[in-house]
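Novice: Okay, handing you the structure first.
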Amino acid sequence: MLNPYLFYNGNCEAAFKYYEKVLGGKIEFLLRADEGPADMKPQPGWEKKIMHARMSINGQTLMASDAPPGHFNKPQGFSVSLTIADLAEAEHKFKQLADGGAENMPFGKTFFSKGFGMCVDQFGTPWMVNCPLEGM
């Protein structure tokens, strides 16, 4: 099993609630920093940040947490890839993910897909949304 694990800069819960709404996911587990082991006390102001979260999206698992203070790095060198068979649904989800973020490659037909686009969402996570051609 291979699952992406994303780190956020204090906005993991907001991101997961957004993905739950936009991608039809279901948050299965959300552990706040102040709910962890007694010997792992969070820094002041960080008590309600997310220590670990798990979401199911169409049978796939996405996990994440808020990076500890001072340890967040802007995501780079990867994208979360979302494959959707229905073109209208793929374009709609792409637009929702890009809303408040940035489109790196507008959603459109390519030589390998009915529709493909790349964006960074409002939380800083890079996404690729693909509606593959038949047989791809």
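Novice: As I understand it, the value is the acute angle between the Cα axis of helix 87-98 and the longest principal axis of the Cα atoms of the chain; what does it come to in degrees, rounded to 10?
Specialist: The angle comes out near 40 degrees.
Novice: Now for a different question. In Å and from the alpha-carbon atoms only, list the Rg and Dmax of the stretch 5-66.
Specialist: 11.9, 37
Novice: On to the next question. Under the definition of Cα pairs under 8 Å and six or more residues apart, what whole-number percent is the relative contact order of the stretch 80-132?
Specialist: After rounding, I find 44 percent.
Novice: Here's a follow-up. Could you work out the longest stretch of the chain that avoids the chymotrypsin sites (Phe, Trp or Tyr not before Pro) located in DSSP loops with at most 10 other Cβ atoms within 10 Å?
Specialist: Formally, the longest exposed-site-free interval is 1-110.
Novice: Reachable lysines from residue 114, Cα under 25 Å, same-chain residues fewer than 8 places away excluded?
Specialist: 21, 93, 95
Novice: Do the sum for the chain: with -39,500 (n - 2.57) for every DSSP H run of n ≥ 4, divided by all residues, what is the mean residue ellipticity at 222 nm, to the nearest 500 deg cm²/dmol?
Specialist: Dividing the helical sum by the residues of the chain leaves -5500 deg cm²/dmol.
Novice: Remind me, relative contact order of the chain in percent, using alpha carbon pairs under 8 angstrom and six or more residues apart?
Specialist: Averaging sequence separation for qualifying contacts and normalising by length gives 22 percent for the chain.
Computed from the coordinates by the stated procedures, all read-outs in this text should not be read as laboratory data. As the structure is a prediction and not an experimental result, all values here were calculated from the model. Reconstructed Cβ throughout: ideal geometry from the backbone, glycine too, with neighbour counts over all protein chains shown.
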